[in-house]
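Asker: To start, I am sharing the structure in question, which I have written as structure tokens.
The values are calculated or read from the model by the stated rules, or taken from the named source; none is laboratory data. If you're wondering where the values come from, they're calculated on a predicted model, not measured in any experiment. All Cβ positions, even for glycine, are placed from backbone atoms using ideal geometry, and neighbour counts span all protein chains on display.
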Amino acid sequence: MRKGLVVCGLWVSLVYSTIPSMSIAQDNSSVTAQMNSVKAIADRLKRDAVQMEAYTRSNGTSWQTHGAALTKMGNDVNELQENMRGLQAHRPNASPWQQDAIDRVAGLTNDLATNMNAAISQLNKSKSQPTAPPYPEYIKANTRIVNDLAAEIDGAIDYGQAKASMDALQKKLPQ
């Protein structure tokens, strides 16, 4: 009986000694770097979205001004989508939490692209009245999506930094 307890105790010690190393899944540094690049684009998009919303509240803004702002924002969305393709290419080698973050950011990026296309289409239909509904609703939705996107990216970056600090501290603990 005593021999069985010793073997069981050794097995439990072995399992518990490997758990800390198993729980530290390596984050992919390429994902981290690209998430920071995506953050810069999202920050630009936030500024653009706020400007676009201001245009919808002003009846004196021409459709050309709206069109130029949408083109600028559309170029940023295209750059964002390009960066997302890079992130998604690294997804299989990303840690589980990074995979989740990529999926959430990708979903919001797709929503933004879809809504941007609808806003452009609506502006093209109503050039004589660029502030007529439903165009302002598309612009408000862009602002909401961009804010959600930026918050998601910021959250992922903050989590990654906190996790890296925790992992470094955990490595310093005696085994």
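Asker: Take Thr131 and tell me if it is under 29 Å from Asn59 (Cβ atoms) and hydroxyl-bearing (Ser, Thr, Tyr). Before the answer, list the steps.
Answerer: Details: under 29 Å from Asn59 (Cβ atoms): yes; hydroxyl-bearing (Ser, Thr, Tyr): yes.
Against the criterion (under 29 Å from Asn59 (Cβ atoms) and hydroxyl-bearing (Ser, Thr, Tyr)), Thr131 qualifies.
Asker: While we're looking at this one, here's another question. Would you point out the residue of the range 144-175, among those that are in a loop (DSSP other than H, G, I, E, B) and in contact (Cβ under 8 Å) with a residue 12 or more places away in the chain, that is farthest from the chain's Cα centre (by Cα)?
Answerer: Applying the first criterion (in a loop (DSSP other than H, G, I, E, B)) to the range 144-175 yields 173-175.
Subsequent filtering for residues that are in contact (Cβ under 8 Å) with a residue 12 or more places away in the chain retains 173, 175.
Details: Leu173: 33, Gln175: 36 Å.
Checked the range 144-175; the qualifying residue farthest from the chain's Cα centre (by Cα) is Gln175.
Asker: While we're on this one: On the basis of being surrounded by 13 or more Cβ atoms within 10 Å (Cβ to Cβ), more than 20 Å from Gly155 (Cβ to Cβ) and at pLDDT 95 or above, does Glu79 make the cut?
Answerer: Against the criterion (surrounded by 13 or more Cβ atoms within 10 Å (Cβ to Cβ), more than 20 Å from Gly155 (Cβ to Cβ) and at pLDDT 95 or above), Glu79 qualifies.
Asker: Right, something else. Checking the condition of a type in the set (Lys, Arg) and at pLDDT below 95, which residue from Lys3, Lys46 passes?
Answerer: Residue meeting the stated conditions: Lys3.
Asker: Same structure, new question: Of the conditions (1) more than 11 Å from the chain's Cα centre (by Cα); (2) more than 19 Å from Glu53 (Cβ to Cβ); (3) not aliphatic (A, V, I, L, M), Thr109 fails just one. Which one is it?
Answerer: Of the numbered conditions (1) more than 11 Å from the chain's Cα centre (by Cα); (2) more than 19 Å from Glu53 (Cβ to Cβ); (3) not aliphatic (A, V, I, L, M), the odd one out for Thr109 is (1).
Asker: Would you be able to say whether some residue in the range 103-117 is over 15 Å from Ser30 (Cβ atoms), of a type in the set (Gly, Ala, Ser) and either in contact (Cβ under 8 Å) with a residue 12 or more places away in the chain or surrounded by 16 or more Cβ atoms within 10 Å (Cβ to Cβ) (or both)?
Answerer: yes
Asker: Right, here's the next one. Can you report the number of residues in the range 48-100 which are more than 25 Å from Val31 (Cβ to Cβ) and part of a helix (DSSP H, G or I)?
Answerer: Count: 21.
Asker: Does Thr114 satisfy being of a type in the set (S, T, N, Q), part of a helix (DSSP H, G or I) and in contact with a Leu (Cβ under 9 Å, 6 or more places away or on another chain)?
Answerer: Numbers: of a type in the set (S, T, N, Q): yes; part of a helix (DSSP H, G or I): yes; in contact with a Leu (Cβ under 9 Å, 6 or more places away or on another chain): no.
In short, no.
Asker: Another question about this same structure. Can you spot a residue in the range 120-143 that is in contact with a Ser or Thr (Cβ under 6 Å, 6 or more places away or on another chain), in a loop (DSSP other than H, G, I, E, B) and surrounded by 16 or more Cβ atoms within 10 Å (Cβ to Cβ)? Give the derivation first.
Answerer: We begin by selecting, within the range 120-143, every residue in contact with a Ser or Thr (Cβ under 6 Å, 6 or more places away or on another chain); these are 131-132, 136, 139.
After this cut, where a residue has to be in a loop (DSSP other than H, G, I, E, B) as well, the list is 131-132.
Checking the rest, the ones that are also surrounded by 16 or more Cβ atoms within 10 Å (Cβ to Cβ) come to 131.
For the range 120-143, residues in contact with a Ser or Thr (Cβ under 6 Å, 6 or more places away or on another chain), in a loop (DSSP other than H, G, I, E, B) and surrounded by 16 or more Cβ atoms within 10 Å (Cβ to Cβ): present.
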